[in-house]
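Only one structure is covered here, and it is reproduced in the block below.
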Amino acid sequence: MTIDTIFVAGAGLMGHGIAQVHAAIGKQVVLYEPEQTRAEAGRDRVRSNLDRQVAKGRLTAADAEAVIARVAPTAELDRVADADLVIEAVFEDLAVKRGLWSELDRRAPGGAIFASNTSSISIDTLASAVAAERRALFLGMHFFSPVPVMPLVELIRGRETSDETEAAIRDLAAELDKRVIVSLDRPGFIVNRILMPFLVEAMRALEEGLATKEDIDTGAKVGLNHPMGPLELADFIGLDVCLGILHVLREGLGGEQFEPPPILDSLVAQGHLGQKTGQGFYTYPR
């Protein structure tokens, strides 16, 4: 399967990074949002990322311009008609994702691979939104943030995902210089199933007054050699995203370790979602 043109649905935190890394290896990328201004804002974030690389001497201005020229923002779903690969990177909401996949399935070429960047939702559940003949081409392709930096891709096969589809995505990941791990289609897959109980326990420790948030995070960074503390990391991921993943894990697997702590529920209810809103466990400049 040849992959030259990629349609990325969602131009936010994950989507713009996914668009950037594919454009950087010479792929033509269509970056979709239902509003043109949001699609263009995603491309602008790619440009900002590239400008920082130019300023640091890691990329020439000419190369940066070549990359950005391969990213075409659009508000037209019909632009998927030329795609070899469709990557969905919208909010972790089952109804939203299924509705979008159904629309894309009606417009995309029959041979296009469908890949969801979901961090926790069942691939088989998402694949049920598309025609039966498409399901062999459907799988999970979970990137990690920030996409241009993090070298991992979590590949999730559904019941009907073909070996050829997996091989095509493995080949693409190799072009991207990403390492692939493969998970069964289970709630949270590999990384979030391991990560979320760790974040929850840090939140519970803070709730109980065990230590300050700074000391909890320092304990993980210095004592466990983690690059970020768990509370910092939760803010970086997005507290609403963490809460959504925990709901999926709790519903699918059960277990006290997946129960969202009250402090997380409270912050999300107040709209304090972490770095993206300027307030979470920590306060961030806006």
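The values are calculated or read from the model by the stated rules, or taken from the named source; none is laboratory data. Keep in mind the model is a prediction, meaning the values are calculated, not measured. In this analysis, Cβ positions are derived from the backbone assuming ideal geometry, glycine residues included, and neighbour counts consider all displayed protein chains. Please note that ligands, DNA and RNA were not included when accessible areas were found on the heavy atoms of the full protein model with its side chains. Shrake-Rupley method; radii C 1.70, N 1.55, O 1.52, S 1.80 Å.
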Report task. Starting from the stretch 82-105, keep only residues that are within 25 Å of residue 4 (Cβ to Cβ) and part of a strand (DSSP E or B), then list their pairs with residues that are modelled with pLDDT of 95 or more and hydroxyl-bearing (Ser, Thr, Tyr) whose Cβ atoms are within a distance under 6 Å, requiring at least 6 positions of separation or different chains. Result -> 88/116
Query raised in the report: Right, residue 46: under 20 Å from the mean Cα position of the chain (by Cα) and of a type in the set (Val, Ile, Thr) or not?
Result: yes
Report task. Could you tell me which numbered condition residue 39 fails, if it satisfies all but one of (1) under 14 Å from residue 116 (Cα atoms); (2) open to solvent by less than 30 Å² (accessible area, probe 1.4 Å)? Result -> (1)
Report task. Looking only at the stretch 67-78, decide whether some residue is open to solvent by 70 Å² or more (accessible area, probe 1.4 Å), part of a helix (DSSP H, G or I) and within 21 Å of residue 107 (Cβ to Cβ). Result -> yes
Query raised in the report: Restricting the search to the stretch 196-220, which residues are farther than 19 Å from residue 240 by Cβ, part of a helix (DSSP H, G or I) and open to solvent by 70 Å² or more (accessible area, probe 1.4 Å)?
Result: 201, 214, 215
**Report entry** Odd one out for residue 149, checked against (1) touching a strand residue (DSSP E or B) at 6+ places or on another chain (Cβ under 7 Å); (2) surrounded by fewer than 15 Cβ atoms within 10 Å (Cβ to Cβ)
**Finding:** (1)
Query raised in the report: Taking the stretch 91-111, which residues are in contact with a Ser or Thr (Cβ under 9 Å, 6 or more places away or on another chain) and either exposed (fewer than 13 other Cβ atoms within 10 Å of the Cβ) or modelled with pLDDT of 95 or more (or both)?
Result: 97, 98, 101
Query raised in the report: Could you say whether any residue in the stretch 73-81 is closer than 25 Å to residue 28 by Cβ, modelled with pLDDT of 95 or more and out of contact with any helix residue (DSSP H, G or I) (no Cβ under 7 Å at 6 or more places or on another chain)?
Result: yes
